[in-house]
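> Structure provided below as structure tokens; questions to follow.
The values are calculated or read from the model by the stated rules, or taken from the named source; none is laboratory data. Treat the numbers as computed from the prediction; the structure is a model and nothing was measured. Glycine gets a Cβ as well: all are built from the backbone with ideal geometry, and neighbour counts include every protein chain shown. Heads up: the accessible areas ignore ligands, DNA and RNA and are worked out on the full protein's heavy atoms, side chains in. Shrake-Rupley method; radii C 1.70, N 1.55, O 1.52, S 1.80 Å.
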Amino acid sequence: TFIWTSTNAASVFESTPSNLLSTKTNVFDTYVNPTTKVYNVLLNQQTTVDAITGIKSEETYTYDGTVNSDSYYGLQTQKIAKKFSDTTLQATTTVTTEYENNPYIGRPKKVNTSTTYMGDTRTKEELYTYAGANLTSTVKTGHNTSYGMVEYMTYDVAGNILTKTISAPGAPVAI
């Protein structure tokens, strides 16, 4: 579905509208699994342009293999976001996600993020651990740190969270 509005009456009937304040363009790929006949629509690229500020955002997406592979679940494994001011690239953020797909499909086990802004790159990593259906710990490590912020969770038999403990083992002591 393509929806747009315009205050310029002359452009209302154009097949590709011009002079819009902002636009968002989505590019999709479609796949049909030959065995299961499951039909997938996956977002490959999204471009947003704000004509007032001159800011343009481009996001591209990568998924977990091909529709014919046994390990294909249609999970996003990488997102690359680029921000432009007019035509000049200002920042790029890459998020790469690894999943635990046995027996729970689609649970993230590791997420790495790298952001470059004006030549300076920062990274972070998040690790997830599960017991059954419950998330039991997360470890979040920042750029150039040898320690992470650790969260431990405990649950009751119904899966309700009982406790959450946050610590940063190895972190420098505040003075």
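> Taking the Cβ of Thr60 as the centre, find all other residues whose Cβ is under 14 Å away and add up their charges (Lys, Arg: +1; Asp, Glu: -1).
Net local charge, Thr60 excluded: +1.
> Mind listing the long-range amide H neighbours of Asp64? Cut-off is under 5 Å, sequence gap 5 or more, other chains count too, H placed in the peptide plane at 1.01 Å from N.
Tyr73, Gly74, Leu75, Thr77
> Got a sec to turn the phi values of segment 19-27 into Karplus ³J(HN,Hα) couplings, 6.51 cos²θ - 1.76 cosθ + 1.60 with θ = phi - 60°, whole Hz, x for Gly and Pro?
6, 7, 6, 8, 9, 9, 10, 10, 10
> Taking the Cα centre of segment 42-175 as origin, sum charge times position over the Cβ atoms of Lys and Arg (+1) and Asp and Glu (-1), and report the length of that vector in debye to the nearest 20.
Charge dipole, segment 42-175, about its Cα centre: 220 debye, nearest 20.
> Separate question: Using the beta-carbon distance between Thr60 and Thr35 and R0 = 22 Å, what value does 1/(1 + (r/R0)^6) give for FRET efficiency, to the nearest 0.05?
0.20
> Using only the Cα atoms of segment 106-146, what semi-axes does the equivalent ellipsoid have when each is the square root of 5 times a gyration tensor eigenvalue? Give whole Å, largest first.
So the equivalent ellipsoid measures 27, 11, 4 Å along its semi-axes.
> Which value, in Å², gives the accessible area per residue of the chain when a 1.4 Å probe is used on the protein heavy atoms?
I get 68 Å² per residue for the chain.
> Here is a further query. How much net charge surrounds Ala131 when only the other residues with a Cβ under 15 Å from the Cβ of Ala131 are counted, with Lys and Arg +1 and Asp and Glu -1?
Once all neighbours under 15 Å are counted, the net charge is 0.
> If you don't mind, there's one more thing I want to ask. State the percentage of accessible surface on the chain attributable to carbon and sulfur atoms; use a 1.4 Å probe and exclude ligands, DNA and RNA.
55 percent
> Could I ask something else about it? Could you calculate the contour length gain from Ser22 to Val95, that is, 0.36 nm times the residue separation minus the distance between their Cα atoms, to one decimal place in nm?
23.7 nm
> Suppose R0 equals 22 Å; then what is the FRET efficiency for Thr136 and Ile80 from their Cβ-Cβ distance, rounded to the nearest 0.05?
For Thr136 and Ile80, the calculated efficiency is 0.10.
> Which entry in (1) 1.38; (2) 1.12; (3) 0.86 is this structure's computed Cα Rg over 2.2 N^0.38 Å?
(1)
> Separate question: Name the residues whose placed amide hydrogens come within less than 5 Å of the amide hydrogen of His143, ignoring near sequence neighbours (fewer than 5 apart) on the same chain.
The answer is Thr123.
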